[in-house]
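Report on one structure; see the data block that follows.
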Amino acid sequence: MSSREFPDSAGTVIIGAGIVGNSLAYHLARQGVEDLLMIDKGPLPDPGGSTGHASNFLMPVEHSKEMTHLTRRSIEQYDEMGTFANSGGIEVARTDERVEELKRRMQSAKAWGEPAELLTPAEVEELVPYIETDLIEAGFYSTGAGTCDPLRAGEIMRARADAIATGAVTPEEIDAGDVGPDDLEGVGDGPGGLSLAPNTEVQDLHVDEGEIRAVETDRGTVTADRVVIAAGLWSPEIAKMAGVEIPLTPAVHQMISVGPIPFFEQFEGEINHPVVRDMDTQMYERPSGNDMEVGSYQHRPILWDVEDVPSIEEAPLSPTQPPLTDDAFEQSMMDALELMPEVLDDPEAGIRHEIDGLLSEAPDGAPLLGPLQDVDGLWSCAAVWIKEGPAIGEMVAQWMTRGYPDVDLSEANVNRFYEYGTSREWVKARAHELYQEIYGIVHPSEQWQSGRPIRTSAFYDQQDDHDARWFEAAGWERPQWFESNEDLLDVYADELEGLHRPNEWDSRWWSPIILAEHLHMRDHVAMIGDMGFGIFDFVGSDVVDYVERMAVGRCDVDVGKTVYTPILAENGGFVSDLTIARLGPEHYRVVTGGAAAGSDRAWFTSHIGDDEHVTLLDRSDSLCTLGVWGPDAREVVQSVTEEDMSHEAFAPYTAQEITVGETDAWAMRLSYVGELGWEIYAPMSKGHRLWETIADAGDAHDIRPVGMGVYGTTGRMEKGYRLFGHELEIEYTPAEAGLTFHGLKEADFNGKEAYAEAIEADNAATLCTLSVADHAPDGGQARFMLGNEPVMDQDGQVLVDEEGRRSYVTSAGTGPSVGKHLLMAYLPPAHAEEGTRLQVEYMGDRYPVDVEVVGSRPLFDPENDRIRS
Amino acid sequence: MDVLTCIKRVPDTGSKIVLTEDRQSIDASNLGFTMSPHEECAIEAAVQLVEAHGGTARVLTLGPPAADEQLRTGLAMTADEATLLETDGAEWGPRATANAIADAVRAAEEEFDLLLFGNESADAANYQVGIRVAERLGLPVVAGIKSLEVEDGTAIAGREVSGGEEIYEVDLPAVVTVKEGINEPRYASMRAKMSARRQEVDRREPDAESGPGTFEKLRLEAPSDEDSAAEVLGEGPEAVPRIIEVLEEEVEVV
Ligand SMILES: Cc1cc2nc3c(=O)[nH]c(=O)nc-3n(C[C@H](O)[C@H](O)[C@H](O)COP(=O)(O)OP(=O)(O)OC[C@H]3O[C@@H](n4cnc5c(N)ncnc54)[C@H](O)[C@@H]3O)c2cc1C
């Protein structure tokens, strides 16, 4: 681990020696990467980034399964390195609404497998004797939570990385506990392994022909095959050196340290009481020795520009610890004093340290991970918290070396903002809004208010005229429903009985109009546009082999055919599911969901071989999509289309060029809502015209614009269609998801071996559709689940499959045509049987549910007669 | 007894100093502002004396409107009152500053028993203001003080000299300039800091006649820090030749 000489070349360069860089180095070494160089502009072990002054609290329970699992895995790693203290953590509620939220935390804890308890104020006081119980109504106790020492963990991981990379020890010896800290002393002082370059500032990245070539520093230039940006809040600055973008902004998180507190003097150790999160004031109190650290997210958002962050020389404490902005912290002080007067309101206890701590904020709060698709070999590993750092290092190391991580990282893929959400202005607008939501009660369907609209399709004004309720996906504005369809509530009053949601939470960001729109579509015809798809055309002489290699379904089909297919990683888990249409002998079109578009694009481009003649043309912003579906769809479309749209002339699952009124378009006959109809693709510039044409033609049939509520939920759930990011993800296979209808094709493709094995093997879990049997088993208000609830047997035990995966509701939505509230969940074989009665826990109560379908058979129109009519 | 402590708002140092483009001031955006450690000790001394003997502790500064931040630090250390002689931000020389302070002391309602100053300010370090105020008010002054007690209208003040300590007895009222080390200044408690933020600061205009006029700042210069760099010549026996080379050729001692 020599640090004196700056090398000329390295296999993999890691920029940044915070918790993220160190975790990456360790796990890359474990994955067999040998020639590693870690560069940081600051000294070791604390180079001055955010890792040096954090509260180091690791609170595992979140509403996101992946983030919870990543924190759990990280806690285990900190613990194994002897750098974890299991203090526990308590989130306290000051309001009734928060008590409900804590019940939802319990629900998530159960769903994701974290131990937790709901506490009364008196029980909180037993654990935290200095808390003012009059102020609180309940506590959510995460018994597995605790604190870590990320600087020490960093040192250990560096030493191990070097020892593994030089061959002095093996990962197995470390896992067996055979390698103590002393065994690592001085190993690998020779060449190779992990080289360290502290006090070395990266000044430029050299990119040539779309590939990363070298890293230029104030101590020389090092050529590199692969570079990872793990530079915390400086990451955007480094990315810019390569002409790409990592969308995050530095943000202030204020923190003070108060002491000495006499009460703590009687206890041993760095921490001896649970960390308290005072959720309703957006604050925490974290004992540390004889001090109490008081941190706040309550103050007004204070966002920085990265250029203004001082250098190490200019910073009195460190670059990420500017002086506290006093006035912003005033309310926080009052709230903390009120909650813990016994320890904090002691005149002897002074404020010994006070900072505007700087951390990274991505526009949606999730990390920014993965390959930066415009520069081969350049990776991002940013906007990561200490609580998840080691596991994210592990996952990204897996991703870099074997192509996919164990835990699905789609929601953290850096490419999710590709080419729409990377401007500083927009990132700041979102970060500003997000900041106020930290510790907030965020509804699963909650919509952003800031930075909108950023992407609008050609239909935007027309839809707005119908009083669209706008939801956003990957920046695209999409109507969720139309207030103009309110009249349909009367038309379908009988059908909707029992499906209205009396509870405010359940009906937030929702409207029964969605259900009425759905029924109207099933009876007549509806138009849905624009879904904000990612649309990628692939052309070139090698395109057939290439597309074949990417997809499970056979793609060497006749021109004009469409193929709905899973896209798999090597482990047989899902990377995506999408539709591929063959437009010509050497021309395919890939259509994928908007939210996954940026990540899918990165996946596809990264799999184009060096010598392969394949070009990607991104049509997402230049084509609009209008779906016309329902029993009357043919009549409407035929009346304005030059071509023959009959069943014979335009078969299901095929695509053709058509002319609709004045608009030259291209259409696929398929449907995600299970109806006869077409997805019509036209140039964005013609979209307005297209909408008018279809709307006029549909007038006689009372055509209605309907929203994504129908497209994405009600229609889909009735048809048992799976949604990427909900049902489909890296941890489940097509066999488990019931998507093996393609069988096993001849040609090779990504994940083929694992896919074949999965077909052969018995499923450890199978995706099922369930319905809620009773919405108010104990009387009172009927409740409607929203997704992510744990699924339990009749005894209240959460179902766990033989691979340790727990059953939870992957999607929830009402099926108006079947008159039931539907849920999807993967169930282990013993419970995956139609008619089985199970339970789900929702907001602290249990509800009986029945398994309706095992596998992908649609609940509505199981033979797909409608689509084929 | 009533004690007045005079302090000065200065940019926090301890890191590289960046000047504003016009080189008229220090770019303090990363630094924040503070007062000198001597002044913090002076406040601590004042507060302790008042705690022991009763009376009030007032902090005073001559400075820009934002200097109330430093006054509030004093209040948070449990001083009772604060006065800001508000300037437009221009630098005042030691004489002008001392005149303005002396005038303010004369005009004050309290009759101060003790005026405490830091031995020198953290930025200009003119070592003058306390002494000039004493001169103008005709009061006795002891400077560079590292121990201070008050008994029956007398201050007993100690100053470190090489090999010992000089002890002075001065009749109150008097001026004392204080040096770091006289005490361990307290960290403000949360409660004190909070009430300090809300307390009214007595803002006055300093006598314009004594204004900055006689004193003109041309520009600031930041000292270069290049020649202080340390170089690691090597480690273990391999380093010997290089060390000898340096000793012979660069340092020329061998
Ligand atoms: C007050 C506060 C409290 C916090 N508390 C918690 C907590 O309780 N729990 C938790 O999980 N998280 C907490 N965090 C967040 C946590 O600190 C960060 O998310 C985490 O440390 C980020 O780690 P990192 O490795 O990505 O970044 P950093 O630690 O910032 O590391 C990035 C490194 O990149 C280097 N670098 C940058 N530019 C260059 C360049 N040009 N050349 C070379 N090197 C460069 C920097 O010197 C730096 O060392 C807290 C943050 C703050 C501010």
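Data table
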item: Inter-probe distance in nm under a simple model that places probes 7 Å from Cα toward Cβ, at A:Asp494 and A:Gln797; result: 4.6 nm
item: Extension gain, A:Asn503 back to A:Leu583 (0.36 nm per residue minus Cα-Cα distance, nm); result: 24.0 nm
item: Where labels lie 7 Å past Cα in the beta-carbon direction, separation of A:Glu433 and A:Asp774 in nm; result: 4.1 nm
item: Listed peptides A:791-797, A:95-101, A:22-28, A:632-638 by packing density, highest first (mean Cβ within 10 Å); result: A:22-28, A:632-638, A:95-101, A:791-797
item: Percentage relative contact order, the range B:2-204, counting C-alpha pairs under 8 Å, at least six apart; result: 26 percent
item: Selection from A:Ala116, B:Ala108, A:Val614 lying farthest towards where the dipole of the protein assembly as shown points positive, charges on Cβ; result: A:Val614
item: Residue-averaged beta-carbon neighbours from other chains (10 angstrom radius) around B:28-34; result: 5
item: Alpha-carbon centroids, the range A:364-443 and the range A:96-172: separation in whole Å; result: 22 Å
item: Point-to-point label distance, A:Ser646-B:Glu165, nm (Cα→Cβ direction, 7 Å offset); result: 11.3 nm
item: Alpha-carbon spread of the protein assembly as shown, three principal axes, descending order, Å; result: 113, 75, 60
item: Magnitude of the charge dipole, the protein assembly as shown, Cβ model with Lys/Arg +1 and Asp/Glu -1, debye to 20; result: 1760 debye
item: Tensor-based shape of the range A:104-227 (alpha-carbon gyration tensor, a/c under 1.5 rounded, otherwise prolate or oblate); result: prolate
item: Angle between chain A longest axis and helix A:389-402 axis [Cα atoms, degrees, rounded to 10]; result: 50 degrees
item: Computed helical MRE - 222 nm, chain A, DSSP H runs ≥ 4 contributing -39500 (n - 2.57), nearest 500; result: -6500 deg cm²/dmol
item: Rounded tilt (10° steps) of A:687-698 against the dominant C-alpha axis of chain A; result: 40 degrees
item: Shape call, the range A:762-869: gyration tensor on alpha carbons, a/c limit 1.5; result: oblate
item: R0 of 45 Å, Cβ-Cβ distance B:Asn126-A:Arg219: FRET efficiency to nearest 0.05; result: 0.60
item: Gyration tensor verdict on the range B:130-205 (Cα atoms; rounded if a/c is under 1.5, prolate if a/b is larger than b/c, oblate otherwise); result: oblate
item: Net dipole in debye of the range B:2-204 [+1 Lys, Arg Cβ; -1 Asp, Glu Cβ; about Cα centre; nearest 20]; result: 580 debye
item: Degrees separating the helix A:597-606 axis from the principal Cα axis of chain A, which is the longest one; result: 80 degrees
item: For residues of B:6-18, the mean tally of beta carbons on other chains within 10 Å; result: 2
item: Cα centroid separation, the range A:678-717 to the range B:35-96 (Å); result: 71 Å
item: Nearest-0.05 FRET efficiency for A:Arg152 and A:Glu265, computed from C-beta distance (R0 25 Å); result: 0.55
item: Positive dipole terminus of the protein assembly as shown, leading residue within B:Tyr127, A:Gly855, A:Gly42 (C-beta point charges); result: A:Gly855
item: Theoretical FRET efficiency, 1/(1+(r/R0)^6), r = Cβ-Cβ of B:Gln24 and A:Ser445, R0 35 Å, to 0.05; result: 0.05
item: Per-residue average of Cβ from other chains inside 10 Å of A:318-326; result: 3
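Values quoted throughout were computed directly from the atomic coordinates according to the rules given, and no laboratory measurement underlies them. All of these numbers come straight from a predicted model, not from anything done at the bench. Glycine gets a Cβ as well: all are built from the backbone with ideal geometry, and neighbour counts include every protein chain shown.
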